[in-house]
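Structure, as structure tokens:
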Amino acid sequence: MSIIGFDEDLPVAVKHDVYPFIDPSAHYTAQTFAGKVVLVTGASRGIGLETAVQFAKAGAHLVLVARKQATLDESKQALLDAKPDAQVLTFAADVTDSGRAQAAIQAAIERFSRLDVVVANAGAIRAGSSEAGFVDGNPNEWWKVLEVNVRGVYNYLHYAIPELKKTRGTFLVTTSRLAHIRLPNNSDYGLSKHAVNRLLEFAVLENPQVKAFSVHPGVVATELYNSDDIHIPAEDSVSLSAAVYLHLAAGKADYLNGRYLSSNWDLEEVEKIWKDKIVAANGLVSKLSIPA
């Protein structure tokens, strides 16, 4: 079966690890996020945990959200090992539960009195999805991916927006390049990420006080990656996307507000060569393709 969309990417240099333009050490030195509050879902491992650690090193207070308290306790300890004086709140919740999402936001406000950044990182992929399409696969498993990846983001966006408006804060979501690549038998995952990208476009349209970015983290050998059998090589470090999140939340690339971007893109090159074109053409958003 054919794969469609590999050519739908910005033609810039590809990065697989942290590079000088987005090096988070500058934020560690400056304590860029001192006194600010960052909530991360899917914070028990991988990209979520590394993102929390980087924000903590840059001075932020952290709210860690994941399904199991035991893994949250481990994550909190790992974060404190990296930043012993970090202020950390853990909150066990399934992101698909809107009531728990509301409670998580409330807990953050009760503890820290503000919310500045939300990283909606929790996600799901259907095991063995590359072997069964939406007709052959289990429909409940197919829909569960949509529940986690779309509703799980919407829940936190819905309840966080009023607080982020107060701080003129930032909402970041871990999306995927598979939102644009049509890979057979991955309709659930690809559709969920495509929908999330559009959701964030609506978020900034309706709430211009808040910045929002859909970020492809690259291909990282996380537990989620290992649960599937797509066999795309995992060439990217877990630190890369976390550093991109810091870069965006620090206001270093506001021209990408409301847009999709990839952690693999050399953002220095994007800024120098593509920034004006992106803004002028309202690029990197979902559009109907009209033949020339």
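Bear in mind these aren't lab numbers, they're just calculated from the coordinates by the rules spelled out. Only a predicted model underlies this, so the values are computations on that prediction, with no experimental measurement involved. Here the Cβ is made from the backbone with ideal geometry for all residues, glycine too, and neighbour counts use every protein chain on show.
The phi-based Karplus calculation (6.51 cos²θ - 1.76 cosθ + 1.60; θ = phi - 60°) puts the 3J(HN,Hα) values of region 271-288 at 5, 6, 9, 10, 3, 4, 5, 4, 5, 5, 9, 6, x, 6, 10, 6, 9, 6 Hz, whole numbers, x for Gly and Pro.
Just to be sure I understand: if I project the alpha-carbon convex hull of the chain onto a plane and average over all orientations, what area do I get in nm²? It would help to have the intermediate numbers written out before the result.
Numbers: hull surface 60.2 nm².
Averaged projected hull area, Cα only: 15.1 nm².
Straight-distance candidates among the lysines for linking to K68, with alpha-carbon spacing under 23 Å and chain neighbours fewer than 8 residues away dropped: K76, K83, K144.
Computed packing ranks the peptides 278-291, 182-195, 39-52, 139-152 as 39-52, 182-195, 139-152, 278-291, most packed first, by mean other Cβ atoms within 10 Å. For K211, give me every one of the lysines with a C-alpha distance below 21 angstrom, ignoring sequence neighbours fewer than eight places off in its own chain. Filter leaves K36, K165, K166, K193, K252, K275, K277, K287.
For region 79-212, just say rounded, prolate or oblate: build the C-alpha gyration tensor, square-root its eigenvalues into a ≥ b ≥ c, call rounded for a/c under 1.5, and beyond that prolate if a/b exceeds b/c, oblate if not. Because a/c hits 1.5 or more and a/b exceeds b/c, region 79-212 counts as prolate.
Once you order the gyration tensor axes a ≥ b ≥ c over the Cα atoms, which shape class does region 1-156 get: rounded for a/c under 1.5, otherwise prolate or oblate by comparing a/b with b/c? Cα axes put region 1-156 in the oblate bin. Of all DSSP beta bridges in region 20-280, what percent run antiparallel (nearest 5)? So the antiparallel bridges amount to about 0 percent of the total.
Neighbour counts of other Cβ atoms within 10 Å put S98, S2 in the fewest-to-most order S2, S98.
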